[in-house]
Amino acid sequence: MSLTPTTVRQLSQEDAAHLLRRTSFGATNTEIQALVGLTPAQAADALLNYPQTLQQNSFSPLDAVSAGAAGKLVQASWLWEMLYTPHPLRERLTLVWSNHFVIAADKVKNVHALQEYLGLLRTHALGNFSEFAVSIARSPAMLRYLDNDQNKKGKPNENFSRELLELFTAGIGAPGQPNYTEQDVREGARGLTGWSYVGGRNQVREFAEQPRFVAVPRLHDDGSKTYLGKSGSFTPEDIVKLAASHPATPRRTAGKLWAAFVSSAPREEGISQLAQTFSQSGGDLRAVMYSLLTSDAFYTPANRQSLYRSPVEYLVGALRAMGRPALSEKAVLGLVASASRMGQELLRPPTVKGWDGGREWINDSSLLLRMQAAAALTLGDKAPRGEALTPLTALGRSDGLSRAMSGLNERQRSYLMLISPEYQLI
């Protein structure tokens, strides 16, 4: 499947619904109709040009009595933003990148560090990839999570150096054709020495204290290193940028975005063309996303309903399609807990690799939990009073389940659509 410009000249209802389900979790009929008749390029421009302004909410993590309670409030604040922002692609990208540059709140318990991390994901999601990687590497959240704050001259810690290559940039490579060596990991660790942070280091008592990045020259190994085939007295920033400019990084990054927005099935031609856009633009993620959202691969029927909804995408997609009904803070905290029970606790992925996603989201246990969540959102006495779901808003097509839904009331029809196999896919 190629990444050539799409032959779709103007978006139909189903094209618009598909675009918004992939980029915005879900949408109402009014939001879908607003894109009908636009060209894919016009729609992509509208979605990709968003501000960084966040919605106000009543969650106050800094006022929490414990680090654990504060972490829950940070999670709820992020879910609130996904639910109510008028710029959902920003939060969709933030969720995608949080599963790439992974940190976890079971180790990073500082409120400011978590909030700054989310801010970096939002700010750099459509920026330059190399600058993105450097900013994340310098963040107290990543320094703490992968122990690079403990990486010192004479006592190197290889954790971040290894994951920088294996997960964040080049990837391991093919059998017999590795993208890097163990010597690269060791030399990278030497180059990454001396970055740390001050403030908020006690995760129990100082979870509300502001941490601040520092570079400590006396802790940096300024000797000559050989890294990824190049030699020099590299600084930490040099090491991150060299990893980000590895020839395998464009393809790895393109593959991540393909799997998040196009299809769970990799396609050699499409990913290669997306990687070419990455390379030719110097790692401009906006250019990569624009190419993706205006491509034939994105709109082709073969790739529709080819991605599995994660638990967060399931819940947020339903509520956004219902018109973003008003929810209490307690209800949003409940949604955070529901997503966690279904296998996706925000800011707490199982490993540094993040969530595997895809088909792994769906099993007997998680399907039962999704049915319970759907009932709470549509049939329960405390169900939010939003707009009724339609086949277009819930399933992405103008007709569907019509025979099965005849004779049911609006709430019953909404429930049936949320538990249907079609809704589990986007």
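The values are calculated or read from the model by the stated rules, or taken from the named source; none is laboratory data. Keep in mind that this is a model prediction, so the values were computed, not measured. In this analysis, Cβ positions are derived from the backbone assuming ideal geometry, glycine residues included, and neighbour counts consider all displayed protein chains. Surface areas here come from the heavy atoms of the whole protein model, side chains and all, with no ligands, DNA or RNA. Shrake-Rupley method; radii C 1.70, N 1.55, O 1.52, S 1.80 Å.
Residue under question is Phe278, and the condition is that it be of a type in the set (A, V, I, L, M, F, W, C) and farther than 22 Å from Gly358 by Cβ; does it hold?
Spelling it out, Phe278 is indeed of a type in the set (A, V, I, L, M, F, W, C) and farther than 22 Å from Gly358 by Cβ.
Does Met371 meet the test of being in contact with a Leu (Cβ under 8 Å, 6 or more places away or on another chain), in contact (Cβ under 8 Å) with a residue 24 or more places away in the chain and within 20 Å of Arg309 (Cβ to Cβ)? No, not satisfied. Considering (1) within 30 Å of Glu163 (Cβ to Cβ); (2) of a type in the set (D, E, K, R); (3) modelled with pLDDT of 95 or more, the lone condition that Arg359 does not fulfil carries the number (3).
Return the pair list, or none, for Cβ contacts closer than 9 Å from residues in region 208-230 that are at positive phi to residues that are among the aromatic types (Phe, Trp, Tyr) and open to solvent by less than 70 Å² (accessible area, probe 1.4 Å), at least 6 apart or on different chains. Close Cβ pairs satisfying both conditions: Leu228/Tyr180.
Taking the criterion of being open to solvent by 40 Å² or more (accessible area, probe 1.4 Å) and without any contact (Cβ under 8 Å) to a residue 40 or more places away in the chain, would at least one residue in region 132-147 satisfy it? Checked against the condition, which is being open to solvent by 40 Å² or more (accessible area, probe 1.4 Å) and without any contact (Cβ under 8 Å) to a residue 40 or more places away in the chain, region 132-147 yields no hits at all.
Scanning region 46-63 for residues that are assigned to a helix (DSSP H, G or I) and under 17 Å from the mean Cα position of the chain (by Cα) yields Leu47, Leu48.
Matching residues to (1) part of a loop (DSSP other than H, G, I, E, B); (2) under 22 Å from Ala113 (Cβ atoms):
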{"residue": "Leu165", "(1), (2)": "no, no"}
{"residue": "Glu187", "(1), (2)": "no, no"}
{"residue": "Arg190", "(1), (2)": "no, no"}
{"residue": "Tyr197", "(1), (2)": "no, yes"}
{"residue": "Gln203", "(1), (2)": "yes, yes"}
{"residue": "Phe207", "(1), (2)": "yes, yes"}
{"residue": "Arg218", "(1), (2)": "no, no"}
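Do we have Leu126 as closer than 28 Å to Ser161 by Cα, touching a residue at least 40 places away in the same chain (Cβ under 8 Å) and touching a Phe, Trp or Tyr at 6+ places or on another chain (Cβ under 8 Å) here? Criteria not met by Leu126.
Say we look at region 334-356 and pick out the residues that are open to solvent by 40 Å² or more (accessible area, probe 1.4 Å) and of a type in the set (S, T, N, Q); which of these is nearest to Arg413 (Cα to Cα)? Among them, the one singled out is Ser340. Applying the criterion of being outside any helix (DSSP H, G or I) and among the small types (Gly, Ala, Ser) to the residues of region 91-120, the residue that is surrounded by the most Cβ atoms within 10 Å (Cβ to Cβ) is Ala105.
For Ala287, the stated conditions hold: it is in a helix (DSSP H, G or I), free of Cβ contacts under 8 Å to residues at least 12 places away in the same chain and not polar (S, T, N, Q).
The set of residues from region 148-162 being at negative phi and either open to solvent by 30 Å² or more (accessible area, probe 1.4 Å) or in a loop (DSSP other than H, G, I, E, B) (or both) comprises Gln150, Asn151, Lys152, Lys153, Lys155, Pro156, Asn157, Glu158, Asn159, Arg162.
Scanning region 1-45 for residues that are of a type in the set (A, V, I, L, M, F, W, C), part of a loop (DSSP other than H, G, I, E, B), open to solvent by less than 10 Å² (accessible area, probe 1.4 Å) and in contact with a Ser or Thr (Cβ under 9 Å, 6 or more places away or on another chain) turns up Leu11, Ala27. Residues that are assigned to a loop (DSSP other than H, G, I, E, B) and either at pLDDT 95 or above or within 21 Å of Arg370 (Cα to Cα) (or both) within region 301-318 comprise Gln305, Ser306, Leu307, Arg309, Ser310, listed in sequence order.
Any idea which residue in region 44-68 is farthest from Arg22 (Cα to Cα), counting only those that are of a type in the set (S, T, N, Q) and touching a residue at least 40 places away in the same chain (Cβ under 8 Å)? Out of the qualifying residues, it is Ser66.
Residue by residue through region 319-333, note down the ones that are in contact (Cβ under 8 Å) with a residue 24 or more places away in the chain, open to solvent by 30 Å² or more (accessible area, probe 1.4 Å) and not in a loop (DSSP other than H, G, I, E, B). Glu329, Ala331, Leu333 - these are the residues of region 319-333 that are in contact (Cβ under 8 Å) with a residue 24 or more places away in the chain, open to solvent by 30 Å² or more (accessible area, probe 1.4 Å) and not in a loop (DSSP other than H, G, I, E, B). Scanning region 229-245 for residues that are surrounded by fewer than 21 Cβ atoms within 10 Å (Cβ to Cβ) and farther than 15 Å from Asn128 by Cβ gives Gly229, Lys230, Ser231, Gly232, Ser233, Thr235, Asp238.
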